[in-house]
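Each remark here refers to the structure printed beneath this line.
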2 protein chains.
Amino acid sequence: MNANGPQSALMEQAVRMALTNIRDTAGGPFAALVVTGAQVVAEGVNAVVPTNDPTAHAEVVAIRSACASLGKVSLKGYVLYSTCRPCPMCLAAAHWAGIDRVYYALTSDDAERMGFQDAHLYEMMTDPGAAHSPIPVQMPSPQAGEIVTTWLANPDRAMY
Amino acid sequence: MNANGPQSALMEQAVRMALTNIRDTAGGPFAALVVTGAQVVAEGVNAVVPTNDPTAHAEVVAIRSACASLGKVSLKGYVLYSTCRPCPMCLAAAHWAGIDRVYYALTSDDAERMGFQDAHLYEMMTDPGAAHSPIPVQMPSPQAGEIVTTWLANPDRAMY
């Protein structure tokens, strides 16, 4: 077995999950695994439509499941396998979870071919001046500064 | 009342929620509302630490709650109010939900002052070559192309 054997087997497992998700559910064509070593600690498939949850991308589902079953918020040292390059939501979710590395098979262009605006979303991130939805508009609030001072003054604040 | 009156009142409501979240829970200093007209359809506060869910940012919590209570995946026509500029995860979540507009008070620099890597995350999106975690690495899979063909061949595929 070559050095990539176990990794390839994990990606193939994710690919099979995505195919099953297309065939057996109303979910999207994506699957993901959270892995440590060769051990899968959580699986996720896209469940946006079946669960009415626009955030239920495979990667987010897998990350949430891993943290729930491990009882912790940090997945530092864990690896994410995804059948497709994570969209900005999922890549940022992996970052917040402390995941070091993401392996993916299909590209954002493949996702676009399947009808999903992944490449478009990366453009939205890199060109905030472009006419994309949603449009972030700052609405200064006289009170909002108190959030910063209250947070920084709280010795019990839990960081993540 | 000036034209911004109702909008300012909604932002102030979110600010009060964030302050309460700091004082009364182990959650982060962020809150968000999903709004139509002047009606709040869902609220969210950061619950990452209390729920062991790294995706439980205020905006994601509010979006998930809105979709669950409305029983639909699309929030087209709804507006998101957030006490802070959404991080890439939350901005992309708003995009996937079909939200047209996001009002925010504090900036990503304010978030950085509070200890959160929001500005850093935007850099990660705009400069994929930079040494940021997580590192997305493509692992081509011979089987993965079947996901694309199977998806496109499925007449019942549900888009969102």
Of the conditions (1) at pLDDT below 85; (2) closer than 30 Å to residue B:10 by Cβ, residue B:78 clears all except one; give me its number. (1)
Within the set of pairs 6+ apart or on separate chains, which have a first residue in region A:77-106 that is on the phi > 0 side of the Ramachandran plot and assigned to a loop (DSSP other than H, G, I, E, B), a second that is open to solvent by 20 Å² or more (accessible area, probe 1.4 Å) and β-branched (Val, Ile, Thr), and C-beta atoms under 7 Å apart? A:77/A:36
Among the listed residues B:47, B:119, B:58, B:38, which satisfies the condition of being more than 8 Å from every other protein chain (Cβ to nearest Cβ), in contact with a helix residue (DSSP H, G or I) (Cβ under 8 Å, 6 or more places away or on another chain) and free of Cβ contacts under 8 Å to residues at least 12 places away in the same chain? B:119
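Here's the yes/no breakdown for (1) hydrophobic (A, V, I, L, M, F, W, C); (2) out of contact with any strand residue (DSSP E or B) (no Cβ under 9 Å at 6 or more places or on another chain):
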residue	(1), (2)
B:77	no, no
B:104	no, no
B:108	no, no
B:117	no, yes
B:125	yes, yes
B:138	no, no
B:142	no, yes
B:152	yes, yes
Find the residue count for region A:96-107, including only residues that are open to solvent by less than 10 Å² (accessible area, probe 1.4 Å) and either modelled with pLDDT under 90 or β-branched (Val, Ile, Thr) (or both). 2
Do you know which residues across region B:78-101 are of a type in the set (Gly, Ala, Ser) and either more than 7 Å from chain A (Cβ to nearest Cβ) or under 17 Å from residue A:97 (Cα atoms) (or both)? B:82, B:92, B:93, B:98
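The values are calculated or read from the model by the stated rules, or taken from the named source; none is laboratory data. Keep in mind that what you see is a predicted model, and the values were worked out from it rather than measured. For neighbour counting, all protein chains shown are included, and Cβ atoms are generated from backbone atoms with ideal geometry for every residue, glycine included. Just the protein is used for accessible areas: all its heavy atoms, side chains included, with ligands, DNA and RNA removed. Shrake-Rupley method; radii C 1.70, N 1.55, O 1.52, S 1.80 Å.
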